[in-house]
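Worksheet for the structure shown next.
The values are calculated or read from the model by the stated rules, or taken from the named source; none is laboratory data. Given the structure is predicted, the values throughout are model-derived calculations rather than measurements. All Cβ positions, even for glycine, are placed from backbone atoms using ideal geometry, and neighbour counts span all protein chains on display. Calculation scope for accessible area: heavy atoms of the full protein, side chains included, ligands and nucleic acids excluded. Shrake-Rupley method; radii C 1.70, N 1.55, O 1.52, S 1.80 Å.
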Amino acid sequence: MNIIRMNNISKYFSINNTQALDSMSLEIEKGEIHAIVGENGAGKSTLMKILHGIEHYDSGNITILGRTGMVSQHFRLINEFSILDNIIIGSEPTKHLFIINRSRAKARIDKIFTQYGFQLNLKTKVTDLSVGQKQLVEIIKVIYNDAQILIFDEPTAALSEQESEKLREMIISLKKNGKTVIIISHKIKDISAISDRFTIIRKGQYIETVITKDVDLKEISHHMSGKDIVETLIDTQSGIKEPIKTFQFAGKSITIHKGEILGFTGYGGCGLHQLESLLEKQALIDPKMSYAPSDRLLKGVEINSKLKNTLIAKKRRDFTHFGFLKNKEIDNYAQDLINRFDIKGSVNCQTGTLSGGNLQKAVIARVLDENPEILILSSPTWGIDINSTNEIYANIKEFKKNNRGIILLSYDVEEIKKLSNRIIVMYKNRIIKEVTNEEKITPRVIGKLSAGIIDD
Ligand SMILES: Nc1ncnc2c1ncn2[C@@H]1O[C@H](COP(=O)(O)OP(=O)(O)OP(=O)(O)O)[C@@H](O)[C@H]1O
Ligand SMILES: [Mg+2]
């Protein structure tokens, strides 16, 4: 039985002249896990926002037999509130907010925690949480709201592999409890490991719906992008290199060298978040450093400014002549970056109207273009499709050639292995191991170290 039927849905955004959805159709069966796949900017989030009723559509029709709950790509939590309040808000009538039976609410949340194996202190303020933990709060909130149809927009993008695994298990148990789940993801594992079927969307159009177990992994990635995947290979050999900067972290002295990528990884809560805060502060006072944050909406960009202004950010002064902005040059310059990084957006569009992956590409394009001596990249390919990920790797490779240093923070062990010359694995806020990236340091070995297991 179909619990959802979306027929010929079209959506045009006049503000940036984009046909986000072009007669798109989707059918979801009750009780299935259905993945939506497609390139950055294909229209996935727009389609799900329309389904959830938070975005209008121009034409088409929709039948839904049940209540939807959505964990969106960008967090909508209130930083100054506790986890508990964030979960309760919007779930209860507002006028009763301060007379809600908090202990009853707490008991219900505790039950969800036990059922799904979560561990979070409900009193903690959201501002103190890592990106992965914030994501969990969003998920708990949807479960708490008792939706029958759960929509996840890239839920594992910012999570460590261990957290992602937990989430996938949780989605399976949601299904066992009779829920219907729709998941948008660029991660092959999310699709292959848990989905029953997946639908491919390209340039706002329906391509096809596939039964997951009928296709192999390679085919899935091909389906996702509709193109051949060109892998970028990066030289991760170590050699004698000139130091650029030394800083203290977790009681250790850490040096970054010219032409080196120093990768930090670990499981969620291992201390990467603290390291990121420290490096962010250093970048503010050290002109040698630039920083691309993992929480791109919060710190990465001004969503209300034009894309060209986001892209030129620190270079604004270069485009001023006797106090006047050289508009034509700014446009040309921004357009060049848009082309080079294949950002789906125009120079004058509002930055906030870009799709999640394109927003991330804009942040990366900007920092790479600043050409700092040291670049701090936190989860640089979070939410980015397979082909664009390889394009970003190619840009990182170019950047590194000019004797620049990169500090890479990532929960993705494959990414760490692929890019880093040296790898530092964190465990419980300590450095458990520092290694050069040799052949024997496989993603599996890195994963074991992240779990605190050292076997020499
Ligand atoms: N509020 C908006 N105003 C203007 N344009 C928008 C708006 N929301 C989305 N768009 C545009 O619609 C297109 C589809 O965006 P959408 O966010 O649905 O893509 P997506 O498939 O979710 O991509 P990603 O994988 O990067 O998250 C993009 O070109 C985007 O810029
Ligand atoms: Mg999206």
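Evaluated on the chain, the Kirkwood hydrodynamic radius is 23.2 Å, with distances taken between all distinct Cα atoms. Listed cross-link partners K11/K187; K258/K448; K328/K401; K187/K400; K44/K179; K245/K401 are compared with a 24 Å cut-off, the Cα-Cα value being larger for K11/K187; K258/K448; K328/K401; K187/K400. Extension gain for the segment E414 to E32, taken as residue separation times 0.36 nm less the Cα-Cα distance, is 134.6 nm to one decimal. Measuring against 30 Å, Cα to Cα, the residue pairs K175/K418; K189/K440; K30/K166 contain K175/K418 as the ones spanning a longer distance.
The fraction of accessible area contributed by carbon and sulfur in the chain is 50 percent, rounded to a whole number (1.4 Å probe; ligands and nucleic acids excluded). Taking label positions 7 Å along the Cα-Cβ direction at both F247 and N339, the computed distance is 3.5 nm, reported to one decimal.
Phi-derived couplings, Karplus 6.51 cos²θ - 1.76 cosθ + 1.60 at θ = phi - 60°, listed residue by residue for segment 275-280: 4, 4, 4, 4, 5, 4 Hz, with x used for Gly and Pro. List the trypsin sites (Lys or Arg not before Pro) within segment 416-448 that fall in a DSSP loop (any state other than H, G, I, E or B) and whose Cβ has at most 10 other Cβ atoms within 10 Å. Here the sparse-neighbourhood loop sites are K440. Modelled spin-label separation between I112 and K218, with each label point placed 7 Å from Cα along the Cα-to-Cβ direction: 4.2 nm. On full extension, the segment bounded by S103 and N348 gains 83.2 nm, given 0.36 nm per residue less the C-alpha separation. How much net charge surrounds N16 when only other residues with a Cβ under 14 Å from its Cβ are counted (Lys, Arg +1; Asp, Glu -1)? Within the 14 Å Cβ shell, the charges total +4. Counting only Cα atoms, I'd like the Rg/Rh figure for segment 117-251, Kirkwood definition for Rh. Expressed as Rg/Rh, it is 1.07.
For segment 313-408, what is the charge dipole size about the Cα centre, in debye to the nearest 20, if Lys and Arg each add +1 at the Cβ and Asp and Glu each add -1 at the Cβ?
It comes to approximately 200 debye.
Note that the chain presents 47 Å² accessible area per residue, ligands and nucleic acids not counted, probe 1.4 Å. Between K125 and I78, the modelled label-to-label distance comes to 1.4 nm, taking each label 7 Å out from Cα in the direction of the beta carbon. Candidate cross-link partners of K326 among the aspartates and glutamates, defined by an alpha-carbon separation under 18 Å and a same-chain spacing of 8 or more, comprise D318, D336.
Net charge within 9 Å of T180 by Cβ-Cβ distance, Lys/Arg positive one each and Asp/Glu negative one each, not counting T180 itself?
Neighbourhood net charge equals +1.
On full extension, the segment bounded by V230 and A451 gains 76.4 nm, given 0.36 nm per residue less the C-alpha separation. Counting charges near H56 (Lys, Arg +1; Asp, Glu -1) among other residues having Cβ under 13 Å from its Cβ returns a value of 0.
Each Lys and Arg adds +1 at its Cβ and each Asp and Glu adds -1 at its Cβ; summed about the Cα centre, the chain shows a dipole of about 1060 debye.
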